[in-house]
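Down below is the structure, laid out as structure tokens.
The values are calculated or read from the model by the stated rules, or taken from the named source; none is laboratory data. Everything quoted here is computed from the prediction, not taken from an experiment. Cβ coordinates were reconstructed from backbone atoms using ideal geometry, including for glycine residues, and neighbour counts include every protein chain displayed. When the accessible area is computed, the model is the full protein with side chains, heavy atoms only, and any ligands, DNA or RNA have been set aside. Shrake-Rupley method; radii C 1.70, N 1.55, O 1.52, S 1.80 Å.
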Amino acid sequence: MDPVSSWLAAYKIPIGAWGKAFFTFLTDNFNAVFRGFSSGLNFLLKGTVDGLLFLPPIVVVAAIALLAWYLQRSRALAIGVLLGLLFIINQGLWKQTVETLVLVVAASAASMAIGVPLGIWAAHNPKVYRILLPVLDLMQTLPTFVYLIPVLTLFGLGNAPGLIVTIIFVIPTAVRLTHLGVTSVPTAIIEAGEAFGATRRQLLWKVELPAALPTIMAGLTQCIMLSLSMVVFAALIGAGGLGTEINRALGSRRIDLGLEAGLAIVVLAIVLDRMTRIGVGGKK
């Protein structure tokens, strides 16, 4: 190592030590708060999973296929959803699929509930977006394993930390695409609304959001896909589901189990993507 590099390394900025001290402070002083929050989330997620598993699988499958038809008015889509979910049952992965489905839906819903208002706020306030931009970049570029560690330290094992990690990973997409959709609304449309005397709230709900809806819904689709991509990592900190099966297959080099679980994730991704896509059927 050259002298300059040696000198720089000798005066290392203790980022890691500062981070460890910060999380030690949190666990020492607020451990009960974090674990209570985690227990509440685990209770809700487990209750939802148990409720779905209590019903006969064919009933749940039929309900999802009916929901797909209702959302998109597509008989072909409903049949495809039915066949895809029956394939998952055939592979013996229904329980794991339900666990993954609950986690993905909860993470996507929470990410949109937080990300859409933030994206709207950032679209109307450039200063807010400039502040959010480096935070969003950090959340998207930081390796997943890096923030698995502090989340595991604060919230322990279970579905709750898996949900929290997934939300952290997914929220930037909801914020960015909402911001893009709102800022891409043609100025002429907004000016027309203002000319008719629309208030700022009316402009938002009756002009900007309807015009930005396709982009926002694309954000929802991306949130679902990113959430599904996180199931393998979330399984490392105790979240159940198909990610656990993939990790088991990886650890034991079981190609058969890996293919089965991987195909189940693909089927689930296609089902959720088609059900939330705008423009498939006549209704939307």
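Side notes on the structure shown:
- Flag for Val49 being assigned to a helix (DSSP H, G or I), aliphatic (A, V, I, L, M), in contact with a Lys or Arg (Cβ under 8 Å, 6 or more places away or on another chain) and in contact (Cβ under 8 Å) with a residue 12 or more places away in the chain: no
- Hits in the stretch 230-270 (condition: among the polar types (S, T, N, Q) and more than 23 Å from the chain's Cα centre (by Cα)): Ser252
- Verdict on Val146 being open to solvent by 20 Å² or more (accessible area, probe 1.4 Å), under 21 Å from the mean Cα position of the chain (by Cα) and under 30 Å from Gly36 (Cα atoms): yes
- In the stretch 100-113, the residues that are under 16 Å from Gly238 (Cα atoms) and free of Cβ contacts under 8 Å to residues at least 12 places away in the same chain never reach a residue that is aromatic (Phe, Trp, Tyr) and part of a helix (DSSP H, G or I) with C-beta atoms less than 8 angstrom apart, at least six apart or across chains.
- The set of residues from the stretch 26-74 being open to solvent by 40 Å² or more (accessible area, probe 1.4 Å) and β-branched (Val, Ile, Thr) comprises Val33, Thr48, Ile58, Val59.
- Selection of the stretch 30-51 for residues being of a type in the set (S, T, N, Q) and within 20 Å of Ala109 (Cα to Cα) yields Ser38, Ser39, Asn42, Thr48.
- The helices (runs of 4 or more DSSP H) found wholly in the stretch 169-284 and carrying at least 3 residues that are open to solvent by 40 Å² or more (accessible area, probe 1.4 Å) and under 30 Å from Leu132 (Cβ atoms) occupy 187-195, 200-203, 209-229.
- Being in contact (Cβ under 8 Å) with a residue 24 or more places away in the chain and within 22 Å of Ile224 (Cα to Cα) holds for only one residue in Leu154, Leu138, Leu86, and it is Leu86.
- Scanning the stretch 1-20 for residues that are in a helix (DSSP H, G or I) and open to solvent by less than 80 Å² (accessible area, probe 1.4 Å) turns up Ser5, Ser6, Ala9, Ala10, Gly16, Ala17, Gly19.
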